[in-house]
Each structure stands twice: as structure tokens, then as C-alpha cells.
Amino acid sequence: MTFREAIRSLRRVYCRKRFGLHSVHPTFLACTNSSISKDLVAGAFSFIGPNCEIGPGVSLGAYTMLGPSVKIIGNDHVFDIPGTPVIFSGRPEFKETCIGRDVWIGANVIVLSGTTIGDGAIVAAGSIVTKDVKAFTVVAGVPAKPIKNRFKSTEEEAFHLNQLNSEIYHGNYADKLGI
């Protein structure tokens, strides 16, 4: 193990201890100035950037990256009871937030709790995700809407999905593909 790998390993251990995370892969890493619910479930090599706020009931797939100041929050107040202020209206049934494998969420994105973001999706910086995002779709805007597909063909999607379903990568992804 190189010095750099040893430091990275210590950072990962510290991160799990600091946030009290018990359901994250040993390769998970988060910046320490984030706020993360202790029930987070995170796959191999997933990453949470600085100043993020991750509420309860969130799962991140392997290889997923959250940029700086991403927030996975909200969508949890009843607001449609006539004559009752929102603060006294209660909360709806809790829904988990599922973010697939190899998802890239850009800086300053807000993901409303209870949404699902499919494998390989990309969410552009500054977007607000209010509805589910299909796999391998690039979304942007307020609210986030599909702007293109990540890959050119369904064959490329199938190849990528096959790679995600194989063993966990340790090292440079491009090296594994022979690029």
C-alpha cells in the first residue's frame, strides 16, 4: 500500500466514524463539513462532496458522486388541508430516496426526498429534482427535465450496465477497460 493509499484509507475510516455511518461500503468517502443522516446506505467508491446535506432514508449506489452543496431534503410536509397552517398539518407517508449506481450529481443540486435517480444518470449543476430520473439520462433545470441521453445507443448502455454489474473496480476505471 502506498502512502497515498494509506492516507485515503484513513480518511475513509475517519469519515465513517465522524458521521456514525454503519451501512456504507469501506471505500465510501464524504467531506467532513457535510451533514449526513446516520441511516445513509452507500455503495463502493461513492462520494459526497463538501457542504452537502443528506436527509434520512437515502441510498447511494456504487461509484456515485455528489458535488459540492448537494441537498437531498424536503418534500415532507402536508400543505393541502384547508384551514390548517402547514406547521400543524403533519407529514405525509415517508418515502426513501434511491440514487442508482454511477450517478453524477453536480454542485448545488436539490433532490426532493422520495425520488429515484436511475443508474448512470447525470444531474446538471443547480438543478432541482422533483420527479424520478430514468437511467442513463442527463437532466437539467428547475425543475430538472431530460436534455439528452448519456450514451449514443442502447448497446452502449447495455455494455456500461454489464460493467456496473461486474466486480468492484479497484483503481482507474479506464485502465480496467483497456483505454
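The values are calculated or read from the model by the stated rules, or taken from the named source; none is laboratory data. None of these values were measured; they are calculated from a predicted model. Quick reminder, even Gly has a Cβ in these numbers, built from the backbone with ideal geometry, and neighbours come from all protein chains shown.
Looking only at the stretch 39-49, how many residues end up being touching a strand residue (DSSP E or B) at 6+ places or on another chain (Cβ under 9 Å) and in a loop (DSSP other than H, G, I, E, B)? Give the steps one after another, and end with the answer.
So in the stretch 39-49, the residues touching a strand residue (DSSP E or B) at 6+ places or on another chain (Cβ under 9 Å) come out as 39-43, 45-49.
Add one more test, that the residue is in a loop (DSSP other than H, G, I, E, B), and what stays is 39-40, 43, 45-46, 49.
Number satisfying all stated conditions: 6.
Read through the list (1) part of a loop (DSSP other than H, G, I, E, B); (2) surrounded by 12 or more Cβ atoms within 10 Å (Cβ to Cβ); (3) aromatic (Phe, Trp, Tyr), then give the number of the only condition that TYR14 fails.
Among (1) part of a loop (DSSP other than H, G, I, E, B); (2) surrounded by 12 or more Cβ atoms within 10 Å (Cβ to Cβ); (3) aromatic (Phe, Trp, Tyr), TYR14 violates only (1).
Do any strands (runs of 3 or more DSSP E) lying entirely in the stretch 94-153 carry at least 3 residues that are buried (at least 16 other Cβ atoms within 10 Å of the Cβ), and which ones are they?
Details: elements: 97-99, 110-112, 137-140, 145-149.
Per the criteria, 97-99, 110-112, 137-140.
Of a type in the set (Lys, Arg) and modelled with pLDDT of 95 or more: which single residue out of LYS38, LYS95 fits that description? So that I can check it myself, show each step before the final result.
Numbers: LYS95 fails: modelled with pLDDT of 95 or more.
When all the criteria are applied, what remains is LYS38.
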